[in-house]
1. With only alpha-carbon atoms counted, please give the Rg and Dmax of the chain, in Å.
2. Starting from the Kirkwood radius over alpha-carbon pairs of the range 130-258, derive D by Stokes-Einstein at 25 °C in a medium of 0.890 mPa s and give it in µm² s⁻¹.
3. Among 151-158, 22-29, 209-216, what's the highest-first ranking by average C-beta atoms within 10 angstrom per residue?
4. Please give the net charge around T117, taking every other residue with its beta carbon less than 13 angstrom from that of T117, where Lys and Arg add +1 and Asp and Glu add -1.
5. So what's the net charge close to S256: Lys and Arg +1, Asp and Glu -1, counting the other residues with Cβ under 15 Å from its Cβ?
Amino acid sequence: MQKVLLVALLVLGGGLAIAQTTVDLNWNAFDGNIGIDFQVDDDAYAGLRTGGSYIFGEFHGIDYDNNPYNYNVDTVRAKVRANIDGGGYVEFIMERQDSWDSMYGPAGQVTYTSLETSDAGFFATNTRTNFASLRTHNYGFQNDNQWRATGNYSILHYIKAGNPDYGAGFYAGGSGSINVTLMSSEVRGNSAWRFGEGAGCYTNAHAEGTGNGIFGVWGAAPTELHAFGATVGGGFVTFEIKYNNGFSTANNLNMSGH
């Protein structure tokens with residue numbers, strides 16, 4: 001049995017300007033653990049942790065080193081596919097650390113996912129940051145089922161604005177199987193966000209599962225919130241299902257707020 005412990009610390013920035021820097025990592029290991037830290041100057045950070053009985057996947061980090069409009073903020077991208085078989089976990093975070101503040105507000109936007117399972121699991125994302133926003137745009141990369149799990153599982157995912165009180169997310173836990181699709185999301189400034197919609201994609205935001213468990217979606221915004229066909233003048237909304245024999249949602253888990 002192969003045992004693997006891989007920790008990759010990648011720090012890009014400073015020194016000579018280059019057209020683009022790409023870091024490509026792949027793993028395929030029994031009884032392994034992997035940690036990846038992808039830091040691009042002061043512009044963005046992406047981190048991945050995964051481990052389990054059998055894990056395999058890919059991480060692609062890109063520093064475009066492009067400085068659009070001379071705003072002193074590079075475009076940065078992280079693309080991940082992480083698979084688990086036989087039990088394990090995956091955790092991913094990406095932070096937008098710099099911004100063209102005068103036009104787009106402060107930095108500090110975050111996307112985060114954790115997934116744990118006793119059986120099989122999968123997570124995929126295609127997320128980028130730039131001078132204006134943090135955006136996940138999975139169209140053409142992983143259109144459907146960006147989160148999958150079987151067995152006993154728990155999943156947490158959220159996006160947060162520069163003010164961490166505002167954003168949106170979902171949580172799930174149970175026994176059986178679950179598939180969650182949120183093809184695109186975007187977050188910018190102190191409070192503006194779109195969850196499961198926007199980012200140049202059509203809406204593709206739904207979930208389904210077997211067995212028993214809980215599934216919930218939430219959103220919070222200070223001024224205006226659109227969720228599940230309702231418009232709220234700021235505040236907090238939540239939608240939660242507790243099920244004993246499976247569940248499915250319509251393609252309407254998308255929300256927005258500011």
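1. 18.2, 58
2. Estimated via Stokes-Einstein, D reaches 166 µm²/s.
3. 151-158, 209-216, 22-29
4. That works out to -3.
5. Around S256, the surrounding residues sum to +1.
Just so you know, all these numbers are worked out from the coordinates, no wet-lab data involved. What you see is a predicted model, and the numbers here were worked out from it, not measured in a lab. Glycine gets a Cβ as well: all are built from the backbone with ideal geometry, and neighbour counts include every protein chain shown.
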